[in-house]
Every structure is written in C-alpha cells, then in structure tokens.
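Read-outs: derived from the displayed coordinates by stated rules, not from any lab. Quick caveat, the model's predicted, so the values are computed rather than measured. Cβ atoms come from the backbone with ideal geometry, glycine included; neighbour counts cover every protein chain shown.
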Amino acid sequence: MISSRKTALILALSALAVACALLPAGAGAATGRSVAVTASATVKVPNDTAKLGFGVKQERKSRGAALQATAKQLRKVIAAAQGFPGVGEGDIRTGRIDVRPVQKGKVTVYRATEGIQVTLHEPSKAGELISAALAAGATGVSGPSFSVGNQEAAFAKALAAAFTKAKERATVLATQAGAHLGAALTIEEGSGAEFIGPRSFEAESVSGAAKGAPEPTPPTKPGTSTVKATVHVIFELT
C-alpha cells in the first residue's frame with residue numbers, strides 16, 4: 001500500500017514538472033497587482049471661429065412700412081456679410097422679427113427690428129466685419145464671441161495629455177512599490193470636455209459715425225480657449 005502511494009506521488013510530481021516546462025517564458029511574470037491613477041490635463045487651443053450678431057431697427061408710421069424699411073436695410077447687411085472673407089455658405093442665420101408700437105409724444109409709430117448671426121472663420125477679421133456691417137446699415141452689434149471650431153480634435157489633444165500624465169504618475173508609484181509599470185488594463189474618460197473660452201462683449205446701437213464717413217475698425221484678438229480632460233487608468237504591475 002505504501003509503495004503504491006509513493007509511486008502515485010512520484011507520477012504526480014513528474015506530470016507537474018512537465019507542465020511547468022511547457023509554460024512559455026515569462027508566463028509567471030504577471031504579479032496580479034495593479035495601480036489605479038486619475039489625471040487631468042488642460043491645453044490651450046487657438047480660437048478659429050467668431051460669432052457676431054447684427055441688427056437693424058427702423059421706425060415708420062405703419063407696421064408695413066417699418067417692416068419694409070427694416071428688411072431693405074437688413075438685405076444690405078446680409079450682402080456685406082456674405083461677401084466678407086471667412087464667411088461661407090450657411091454661416092448666416094436670420095433671427096427673430098419684432099414689430100411693436102412706440103409712443104413718441106402724442107404720435108404712435110411702429111418700430112421693426114430684425115437681426116442676423118454670422119459665423120466668421122477668420123476671427124482676426126472680426127473688427128473689419130463689424131465695420132462693413134455698420135457701413136451697410138446695421139444699427140446694432142453683439143459679439144464677437146470667439147471659440148474653437150473643431151472641439152473634438154481639441155478635446156483629443158487634452159485626452160492624450162491627460163493619459164501621458166496618468167502614465168507618468170503610475171510609473172512613479174510602480175517604482176516606489178518595487179515593480180515595473182505594465183500595460184494599461186482599463187481606461188475610463190472623466191466627466192467630458194470642459195471648454196473655457198474668452199469672454200465676449202455686447203454692444204448695441206454702436207453706429208453713429210457721420211454720414212458718408214468710414215466706420216472705425218475696432219481691434220479684435222481671437223485669443224485661445226482652454227480645454228480640460230480627465231482620465232482614470234488602471235495599469236498592470238509586473
């Protein structure tokens with residue numbers, strides 16, 4: 001009985017030795033340990049888009065006359081914007097039309113207002129576009145508001161920077177633990193893109209240059225927007 005048990009034990013040990021010999025090199029390198037890190041990164045991206053609003057306001061003795069005068073003047077503003085460099089097809093959108101009675105002393109007149117929003121893809125020329133719109137008959141201006149056109153591409157840069165930072169932090173932790181940093185096991189995006197752009201200004205009824213005189217060109221600088229990304233990564237330790 002004892003002899004048969006010894007024989008069985010020897011056979012089992014032999015089989016285990018053969019199985020270990022057949023394992024690929026490095027199969028036992030994984031430690032089962034991991035390190036989890038969270039990192040955020042912010043990158044500055046040049047603003048390549050500007051949005052501006054132009055309005056026209058006219059007063060007449062009747063609703064129809066007020067609407068007609070406003071529409072006529074707004075068409076000139078639209079034409080000026082359409083012919084401006086950096087304004088493409090579909091970059092002009094008309095806004096709300098409003099007509100209301102206004103009391104001027106004992107006389108009631110009608111004030112009609114309508115506006116457009118323009119997307120400009122050469123934001124450094126926003127001041128020139130404002131001058132052109134005012135010269136064409138715009139009585140009010142809002143903006144410009146600067147932003148990044150391709151926000152997905154900008155966010156991708158921030159994500160890549162966040163992952164690089166996460167890997168650097170994980171490497172430090174792995175070294176302190178006496179291990180080596182392995183592959184990323186899981187990667188999770190944080191709360192999403194966070195864009196912080198420059199503040200825009202609002203101005204209305206800014207025209208007022210002498211009739212026939214050229215409109216002044218206000219200086220405009222598109223600046224940059226800041227985009228923030230966060231990632232949560234779990235790396236293997238080897």
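The table that follows gives values for the structure above.
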| item | result |
| --- | --- |
| Estimated FRET transfer efficiency when R0 is 35 angstrom, pair R100-T217 (beta carbons, to 0.05) | 0.60 |
| Value in Å of the Kirkwood radius, where the stretch 35-157 supplies the Cα pairs that are averaged | 16.5 |
| Separation between Cα centres of the stretch 52-83 and the stretch 130-177, rounded to whole Å | 36 |
| Simple spin-label estimate for V109 and A156 in nanometres, 7 Å along Cα-Cβ | 5.5 |
| Förster radius 25 Å - calculated FRET efficiency between T164 and K44, Cβ distance, rounded to 0.05 | 0.95 |
